[in-house]
Amino acid sequence: MKNVIVGLGAILAAACATAPSQQAETTPPPGSNEMLRAGISGLDGYELIISDVVIPAGATVPRHYHPGEEFVYVISGSAIHVQQGKPDVELKSGDAFVIEPEAIHAPRGGPDGARAIVFRLHVADQPERILVDEAEAHHHGEGADHQH
C-alpha cells in the first residue's frame, strides 16, 4: 500500500507540473471529467481514477461520498470543501487536500469557480460516487450501516 501512495504522489507531481499549459488549451465542462481509469498492479480490488473536476462559481456539488480515498490538487480558482462533521476548508489554486473514504462532502465553487485534478483510490465494482440525502447523512454520521 505504501508503494501505491508513493506512486500516486509521483503521478500527482507530474500532473501538477503539466497542468498550467493544459489549462490554457481548454477547460472541460462542469462536473467530474474522467481522464483515466486503470487497475493498480499489486493491489487487487482497487483501481485508480483520475478526473479533471470543474465546479462553477457559487455552485454546490450535491452531498455525496466515495467508497475510496480522494487526493485533490486545485489547479485554478478556489472552492470551499464542506464535509460533514468538520469545519469548512477553503482550497485555493496550488492547494492539495485528502478526503478520507466515505466522508460525506459537498464542495462549493468560489467566486471564480474551481478546477482540480482528483485522484481516487477507488474500490473496484463500487459506484464512483454515492449521493446522500439529509436523512442518510445523519445515519451515516452515526456509524450506521449503509449500502453502496
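Couple of notes before you dig in:
- Residues satisfying the criterion are absent from the range 133-147 (criterion: modelled with pLDDT of 95 or more and more than 20 Å from Pro28 (Cα to Cα)).
- The residues in the range 58-73 that are over 15 Å from Pro101 (Cβ atoms) and either assigned to a loop (DSSP other than H, G, I, E, B) or in contact with an Asp or Glu (Cβ under 6 Å, 6 or more places away or on another chain) (or both) can be counted, and the count is 5.
- Within the range 74-114, considering residues that are part of a strand (DSSP E or B) and in contact with a helix residue (DSSP H, G or I) (Cβ under 7 Å, 6 or more places away or on another chain), the one surrounded by the fewest Cβ atoms within 10 Å (Cβ to Cβ): Ser76
The values are calculated or read from the model by the stated rules, or taken from the named source; none is laboratory data. It should be emphasised that the depicted structure is a prediction, and the values quoted were computed from it without experimental measurement. Heads up, the Cβs are rebuilt from the backbone with ideal geometry, glycines too, and the neighbour counts pull from every protein chain shown.
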